[in-house]
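Here the structure comes first, spelled out in C-alpha cells, and everything after it is commentary.
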Amino acid sequence: MAKQEKKMMRRRMANAYLSSIVSIALVLMLIGTASLLIVNAGSVSDYFKENLKVSVILKQEIGERQAAKLQEKLETLPYVNTARYVSREEGTQDLQKMLGEDFLSVFETSPVPTSIDLTLFAEYVCADSIEVVRKQLVNYPEVDEVDCQQSLVDALNTNLAKVSLVLGVFIILMLFISFVLIGNTIRLNVFSRRFTIHTMKMVGATRSFIRKPFLISAIYQGLLSAAIALVALGTGLLVLKSSFPELFEIVRTGMIATVGLIVIASGVTICVTSTYFVVGKLISLDKNDLYY
C-alpha cells in the first residue's frame, strides 16, 4: 500500500509539473507574440507607407522611349523606392476592369495617359515630404501631373498612430495578464509541496537552503516552458511564411533572436521570482495554516 501511495503521489506531482509547464509555455507564447508585434511595429508601418503609390502622369506626346529614360532618372532619386512604367494599354485595361469594357465607347481616342507609378521610402511618406516630392516631380518637362493622394497619406499616418496606441495598450494588458497567470501557476505548484517545506524548516534548514532546490527547479521549468513556446512560435512563423509570404516580409528576421531572448528571459525571471516569494511565504506559515 505504501508503495502504491508513493507511486500515486509521484504521478500526481509529475502531472502537476507537466500541466504547469504547458500552462507557462502557453502564456510565454502570448509574450512571444506580443514581442513580435513590438519589434516589428516599425516595419508594419513602413510596409504600408512603402506600398502607397505616387502616380506621375506623363504628357500625351511622350513616347515609350522618353518614358523609359524618365523612369531611369526617377529611380536614381534618393526618395524613390521603386518606379514602374504603366503604358497606355495597361492603364486602359485597368480602367476597363474598374468601369467596364464599354467605357471607351464615348471617346474617339483613349483618354488614358501613360504614367510611372512610384513608391517612396517610408521616411518620405508624410505631408511635408510628399509636397516637396510633388513639386520636384512636376518640374520634369515630360510630366503633366503628379497624383500624390495627399488625403490618403494623411489618413494613413493618422490611422497608423491610432493603431500604434491601441496596440501598445493591448500589449501592456496582455503582458500583465501573462505575468499574473504564470505567477498563479507557480504558486499552485509550489503550494502542493508546502509540507515538504515545513519539514525542512522543522529540522533547522535555513531559508536560503530551503529555497535553493525550488529556485533551481524554477530555472529549469522556465527554460523548458520557453523552449516549448519558441518551438510553437517558430512553427507559426514557418506556416506564415509558406501560406502568406507577402505578410511574412513584414517580419524582421534579424529580430527573431531578440524575441527568443525575451521569451527565455521572461520565462526564467517570472518562474524564479514567483517561486522565491511563494517559498518565502510558505516558510513563514504556521503548521496549522498549512491545512488551509
Exercise for review: Give, to the nearest whole percent, the P(r) tail of the stretch 111-151 beyond 16 angstrom, counting all Cα pairs.
Suggested key: 37 percent
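Go ahead and run the numbers for FRET between Phe48 and Thr76, Cβ-Cβ distance against an R0 of 22 Å, rounding to 0.05. Before the final figure, lay out the partial values.
On the way: r = 25 Å, r/R0 = 1.13.
The pair Phe48/Thr76 has a calculated efficiency of 0.30.
How big is the stretch 215-275 by the Kirkwood estimate over distinct Cα pairs, in Å?
Details: mean 1/r = 0.0795 Å⁻¹.
After inverting the mean inverse Cα-Cα distance, the result is 12.6 Å.
For Val169 and Leu37, compute 0.36 nm times the residue count separating them, minus their Cα-Cα distance, and round to one decimal in nm.
46.3 nm
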Exercise for review: Return the subset of Lys53/Lys162; Lys69/Lys162; Lys49/Lys73; Lys53/Lys73; Lys69/Lys135; Lys69/Lys241 for which the Cα-Cα distance in this structure is over 29 Å, preserving the input order.
Suggested key: Lys69/Lys162; Lys69/Lys241
Revision key, fill the gap. Here the stretch 205-214 yields Karplus 3J(HN,Hα) values (6.51, -1.76, 1.60; θ = phi - 60°; whole Hz; Gly and Pro given as x) of 5, 6, 4, 5, 5, 5, 5, 3, x, 5
Point to revise | In Hz, Karplus ³J(HN,Hα) per residue of the stretch 43-53 (6.51, -1.76, 1.60; θ = phi - 60°; x = Gly, Pro) | key: 5, 5, 4, 5, 4, 5, 5, 7, 9, 7, 8
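At a Förster radius of 30 Å, what calculated FRET efficiency corresponds to the Cβ-Cβ distance of Glu64 and Lys241, to the nearest 0.05?
Working: r = 38 Å, r/R0 = 1.26.
That gives a FRET efficiency of 0.20.
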Study note, to complete from the structure: Per the rule of 0.36 nm per residue minus the C-alpha distance, extending Ser192 to Ala232 adds in nm 11.5 nm
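Every read-out reported here was derived from the displayed coordinates using simple, explicitly stated rules and does not represent laboratory data. Fair warning: this is a prediction, and the values are worked out from it, not measured in the lab. Backbone-built Cβ (ideal geometry, glycine too); neighbour counts: all protein chains shown.
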